[in-house]
Amino acid sequence: MTGVLWITGVSGFTGRHLVRFLRQSGASVRIIGVDIDIGAAADLDAAHAIDLTNAEAVAALARREPPDWVIHLAGLMPPAGESEMWRVNVGGAVGLLLGLREGSRRVRIVSIGSAAEYAPGAPSPLTETAPCGGASCYGDTKLVQSLTCLWFAAECRVDVLIARTFNLVGPGLSPRLIAGSLVHQFLAAAEEIHVGNVHTARDFIDVRDAVRAYWLLVQQGKSGGIYNVSSDNPVSVREMLDTLSRVSGQSPRIRIDPSRVRANDPVSVYGDSTRLREATRWARRSPWSSRCATCWRRYESASRLLGRSAVL
């Protein structure tokens with residue numbers, strides 16, 4: 001499979017892992033990185049700093065580097081402000097599709113959505129037909145992004161698929177996210193670990209498994225399809241704490257921080273990736289606990305483990 005692949009948001013956490021996966025797998029594609037800031041991008045055939053909300057800039061790039069496929073990772077999440085999330089997540093999708101519609105090639109776009117698109121209270125396991133909307137401003141922007149891509153597909157003469165991804169973990173994970181926060185606190189050998197509700201459970205998927213799913217969807221996904229990218233297993237904060245205690249050999253005190261407790265937080269949210277697995281034969285490689293233990297044992301010290309960035 002040869003051609004030109006655009007990766008938007010290439011400088012971000014997932015973008016860097018996607019490029020690494022494609023290079024290691026030997027994919028014969030020309031990788032074009034697209035981001036507002038390409039300073040952190042590496043191992044690309046070309047990189048272009050553009051604002052995706054500018055459809056004219058996207059069209060100009062498409063004339064120079066016409067893509068066969070686009071994996072659309074670019075976007076914002078909290079703590080970004082609400083207006084910026086609407087501008088970037090929805091406006092960026094509109095600018096991307098409008099910019100590509102004048103091209104001579106029929107482009108296939110895998111737009112990366114989020115489990116936050118699902119409605120609060122929807123029963124788990126969540127399938128792609130579960131009710132959507134209303135969980136958060138971020139989730140609403142991602143839902144509108146997904147719907148916009150699907151709506152615009154026919155008008156812009158592109159194929160669109162949605163990869164609705166659950167909670168990512170992996171090397172370089174931000175400490176703003178729960179898994180990253182816990183790892184950072186353990187790496188600091190803190191005597192006291194600050195957490196919110198330890199009983200809530202979420203679906204955590206390794207970013208390396210996720211990027212394999214994205215590339216499989218480029219090749220085998222059905223146009224107009226929505227696919228959950230999930231582990232299908234809930235892991236509670238208490239389970240994460242126990243795993244990190246076991247692999248690190250630490251037994252810190254656990255302190256419930258009221259500022260980290262979310263009101264009306266669902267007890268358990270997890271996905272069902274049956275549609276993805278049946279379409280592509282994708283499978284995750286290991287559960288969270290095994291990946292965590294393997295990564296922890298790989299390094300002798302916290303600084304060598306992460307280079308000061310979180311990994312699970």
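The values are calculated or read from the model by the stated rules, or taken from the named source; none is laboratory data. Computed from a predicted structure; not experimentally measured. Every residue, glycine among them, receives a Cβ derived from its backbone with ideal geometry; neighbour counts consider all protein chains shown. Heavy atoms of the whole protein, side chains included, go into the accessibility calculation; ligands, DNA and RNA do not. Shrake-Rupley method; radii C 1.70, N 1.55, O 1.52, S 1.80 Å.
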Mean-square fluctuation maximum in Gaussian network of the chain, Cα pairs under 10 Å, restricted to T243, T274, T129, hits T129
Net charge dipole size for region 230-282 [Lys, Arg +1 and Asp, Glu -1 on Cβ; Debye, nearest 20]
160 debye
Using just the C-alpha positions of region 102-210 as equal point scatterers, what log10 of I(q)/I(0) does the Debye formula give at each q in 0.14 1/Å?
-0.72
For H48, distant residues with modelled amide H under 5 Å away:
G33, V34, D35
Over all Cα pairs of region 74-153, the Kirkwood radius sets Rh, and Rg/Rh then becomes 1.02
With Rg and the Kirkwood Rh both taken from Cα atoms, where does Rg over Rh land for region 175-217?
1.13
Roughly how compact is region 147-279, stated as its Cα Rg over 2.2 N^0.38 Å to two decimals?
1.28
Report, to the nearest whole %, how much of the accessible area of the chain belongs to carbon and sulfur atoms, 1.4 Å probe, protein only.
50 percent
Just the accessible area per residue of the chain, please: how many Å² with a 1.4 Å probe?
45 Å²
Show log10 I(q)/I(0) for region 1-78 at q = 0.19 Å⁻¹, two decimals, from a solvent-free Debye sum over equal Cα scatterers.
-0.74
Hey, any idea what Rg/Rh is for the chain, computing Rh the Kirkwood way over Cα pairs?
0.97
With +1 on the Cβ of every Lys and Arg and -1 on the Cβ of every Asp and Glu, the dipole magnitude of region 125-226 about its Cα centre, in debye rounded to the nearest 20, is 260 debye
Over region 216-281, how many percent of alpha carbon pairs lie in each 10 Å bin up to the one with the longest distance?
16, 30, 25, 21, 9
Once the convex hull of the C-alpha atoms of region 1-152 is built, how many Å³ does it hold per residue, rounded to a whole number?
123 Å³
Which residue, R255, R208, R275, has the most motion in a Gaussian network model of the chain that connects Cα atoms within less than 10 Å?
R255
Compare the Cα positions of A135, V169, F21 along the charge dipole of the chain (+1 at Cβ of Lys, Arg; -1 at Cβ of Asp, Glu; about the Cα centre) and return the one farthest towards the positive end.
F21
q = 0.13, 0.18 Å⁻¹, region 127-179: log10 I(q)/I(0) [Debye, one scatterer per Cα]
-0.47, -0.79
What residues have an amide H closer than 5 Å to that of R108, excluding those fewer than 5 places away on the same chain, when H is modeled at 1.01 Å from N in the peptide plane?
W69, V70, D159
Report, in debye and to the nearest 20, how large the dipole of the chain comes out about its Cα centre when Lys and Arg carry +1 and Asp and Glu carry -1 on their Cβ.
800 debye
For E239, the net charge from surrounding residues (Cβ-Cβ under 13 Å; K, R +1; D, E -1) works out to +1
